[in-house]
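Beneath this line is the structure, given in structure tokens, with notes to follow.
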Amino acid sequence: MDERCREFRRVFLLSEGLPGEDPHPRTCADCRAFAEAERKTAEVLRVHAPRWQPPAHLREGITATLERERSDRARGLYKRRALVAAGAVLALIGGTAMWRVLSHSDGQQRAHATTVLIADDFLKFASLGPEKLQVTSGNGAEVERFFAEHLRLAAKVPRLSGLALIGGRRCNLGGRPAALLFFEQGAPESSEPYALFVFEPRGEDWSAMPEVPELRGRRACHQSKRGVGILIWEERGLVYALAGAQDIEHLKEHVAAF
């Protein structure tokens, strides 16, 4: 069999026995016989193959195998999806927890920085005389009007037991406008100064400060190195901070009445 015979048979098989234009079979008896035998075989298969049915046990085996493969693929897909979902949930929980930790840490740092400013301003103004006052009055309503007009701040003057209001002034608490009210305890010649700061919150988280058991909702901070006690609470969206050169046990006696 030469090269022409091999090429004819290759093309004949690829074309599934369809007649071609190659004249080679007309001059080659072997290739004509090959082509005729292939056509007869194809015809026998076409006639008899549809009549054949695989045995029941073979059909059942094939069906069971296909079902098992589908089930295995489904389980594998479910496991992959479950792992992806679990990973997403863990990432969400971890991200939320981290956000809370960072948020709380930032808020507590702000709270600490604010208490430092309060202690600094108290020590600064407590040593000054009457010139520190921008409004001189023991009338709470008059002092409240001053802050409403000059600060647009609805600061309320609380009743502090044993302390007398003497006036107030505007204050800059770390770039934030604040109302600063002054009180005294005792006779004028030997009075003890107190200051009440009123301002809008800016993300402070006071939760790290201990809550005073007898004064629900009021938290205490004592700057021992400066000797300034600070008692903080929130009311009607504003922060109130009472500062004095006293410990917390002494400070809380003045706010127990409200």
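Computed from the coordinates by the stated procedures, all read-outs in this text should not be read as laboratory data. Note that the structure is predicted; figures quoted are calculated from it, not measured. Reconstructed Cβ throughout: ideal geometry from the backbone, glycine too, with neighbour counts over all protein chains shown.
Structural remarks
- Going from the residue with the fewest nearby Cβ atoms within 10 Å to the one with the most, Tyr240, Tyr194 rank Tyr240, Tyr194.
- Summing Cβ point charges (Lys, Arg +1; Asp, Glu -1) relative to the Cα centre of region 101-255 gives a dipole of roughly 340 debye.
- Bridging of Lys40 to aspartates and glutamates at a Cα separation below 18 Å is possible for Glu16, Asp30, once same-chain residues fewer than 8 apart are set aside.
- Interchain or long-range residues, amide H under 5 Å from Glu235's placed H: Tyr240
- For region 101-255, the calculated P(r), taken from all Cα-Cα distances in 10 Å bins from zero up to the bin holding the longest distance, is 11, 43, 37, 9, 1 percent.
- Dividing the C-alpha radius of gyration of region 172-237 by 2.2 N^0.38 Å, with N its residue count, gives 1.28.
- Once C-alpha pairs closer than 8 Å and six or more residues apart are averaged by separation and normalised to the residue number of region 101-255, the relative contact order reads 21 percent.
- Applying a DSSP loop filter and a limit of 10 other Cβ atoms within 10 Å to the trypsin sites (Lys or Arg not before Pro) in region 158-199 leaves nothing.
- Here the 3J(HN,Hα) profile of region 161-172, calculated from phi with Karplus coefficients 6.51, -1.76 and 1.60 at θ = phi - 60°, is 4, x, 10, 10, 6, 10, x, x, 7, 6, 9, 10 Hz, Gly and Pro shown as x.
- Residue-by-residue Karplus 3J(HN,Hα) for region 148-153, coefficients 6.51, -1.76, 1.60, Hz, glycine and proline x: 5, 7, 8, 10, 6, 10
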